[in-house]
Amino acid sequence: MNLVQWFSWYDEILADFGFDRSADEESAKLLQNLLGDDGLSPTDIKIKENVVIFGAGPSLKENVLEFKQINMENFSVICADGAVTALLEEDIVPEIVVTDLDGNIDDLLTSNHQGSIMVVHAHGNNMETLKKYVPKLENVLGTTQSTPLKNIYNFGGFTDGDRCLFLAGKLKAKNIILAGMDFGKVVTKYSRPDIDGELGHADSIKEKKLQYAKKLVEWMVENEEITICNVSNGETISMVKNIEFSDIPISK
């Protein structure tokens, strides 16, 4: 997705949610200043052609346990924000975590200090969080959903989950498996640490965000030369190519 294509989505999102573009731009400038010359660029990051992306949906824990039974040497593991907690619970350290820093911050820091690259997203609602935690992170690539800056990038994508996918595309992934990405009306403790219990109902804003995430993933399926397979147990993405999990090159 090029910037012209993304900004047509972005304009729709701004109007639909009532977000302030100037606040997004201010946050991007803040992240730029926090990173200084230490921020990573996409050329600093190398991944395998086969990628597993973990979202924080209801199927996450089951999918993580399934992948523990597979030899993952041929895969790069990327996860969205709160999904890092489920991975760490199973002693899996993702190569890359895509986050706006609203997940379990202790787990985000732990994963980073154990080697995960952090793709930190700046938007209008997380400036204070950026100030507090970015100085504690290392190996950070900064992103924005507004105008990119010198060391702040925009690959497209709106939620942490679909930004993982657009990042993987930018990094030349060929086969991508989506796990824990259900796009439904249920949230987990991994995506919303403040809920009581394991699962909860998505509020109207979260539900609408997930709808946009689904549409953006469908756009990726239709427009990029990447094989994408969703193995999540929830709602199936209607436009995902009809391939079986076993069709992806996996070494068992």
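The values are calculated or read from the model by the stated rules, or taken from the named source; none is laboratory data. Here the structure is a predicted model, which is why all the values come from computation and not from measurement. Don't worry about glycine lacking a Cβ; one is built from the backbone with ideal geometry, like all the others, and counts go over all protein chains shown. Note: areas computed on protein heavy atoms with side chains; ligands, DNA, RNA excluded. Shrake-Rupley method; radii C 1.70, N 1.55, O 1.52, S 1.80 Å.
Computed from backbone phi, the HN-Hα couplings of region 7-19 come to 5, 5, 5, 4, 4, 5, 5, 4, 5, 5, 9, x, 6 Hz, rounded to whole numbers (Karplus: 6.51 cos²θ - 1.76 cosθ + 1.60, θ = phi - 60°; Gly and Pro given as x). For region 59-195, how big is the tail of P(r) above 23 Å, as a whole percent of Cα pairs? Distances greater than 23 Å cover 30 percent of the Cα pairs. Karplus-derived 3J(HN,Hα) values for region 215-220, using 6.51 cos²θ - 1.76 cosθ + 1.60 with θ = phi - 60°, are 5, 5, 5, 4, 4, 4 Hz; glycine and proline are entered as x. Excluding same-chain neighbours fewer than eight residues apart, the aspartates and glutamates reachable from residue 172 by a Cα-Cα span under 20 Å are 44, 49, 73, 95, 160, 162, 218, 222, 224, 225, 247. Dividing the mean sequence gap of close Cα pairs (under 8 Å, 6+ apart) by how many residues the chain holds gives a relative contact order of 25 percent.
Loop-located trypsin sites (Lys or Arg not before Pro) in region 89-165 (DSSP state other than H, G, I, E, B) with a sparse environment of at most 16 neighbouring Cβ atoms within 10 Å: 150.
Restricting attention to the chain, close to 15% of DSSP beta bridges with both partner residues there are antiparallel. Building the convex hull from the alpha-carbon atoms of region 8-120 and averaging its projection over directions returns 8.9 nm². Here's the list of lysines a cross-link from residue 185 could span, going by alpha-carbon distance under 28 Å and ignoring same-chain residues fewer than 8 apart: 61, 68, 206, 208, 209, 214, 215, 241.
If you place +1 on the Cβ of every Lys and Arg, -1 on the Cβ of every Asp and Glu, and leave all else neutral, what size is the dipole of the chain about its Cα centre, to the nearest 20 Debye? Walk me through the intermediate numbers first.
Working: 24 positive and 40 negative charges, 72 e Å.
That gives a dipole near 340 debye.
Scalar couplings 3J(HN,Hα) for region 132-139, obtained by applying the Karplus form with A = 6.51, B = -1.76, C = 1.60 to θ = phi - 60°, are 6, 10, 4, x, 8, 9, 10, 6 Hz; x denotes Gly and Pro. Taking every Cα-Cα distance in the chain and sorting them into 10 Å bins starting at zero, the pair-distance distribution P(r) comes out as 7, 34, 40, 18, 1 percent.
Given a 1.4 Å probe and every protein chain left where it sits, what share in percent of the accessible area of region 17-114 is carbon and sulfur?
Working: 1770 of 4200 Å².
Carbon with sulfur: 42 percent of the solvent-accessible area.
The H on the amide N of residue 228, modeled in the peptide plane, is under 5 Å from the matching H of 176, 241, each at least 5 residues off or on a different chain.
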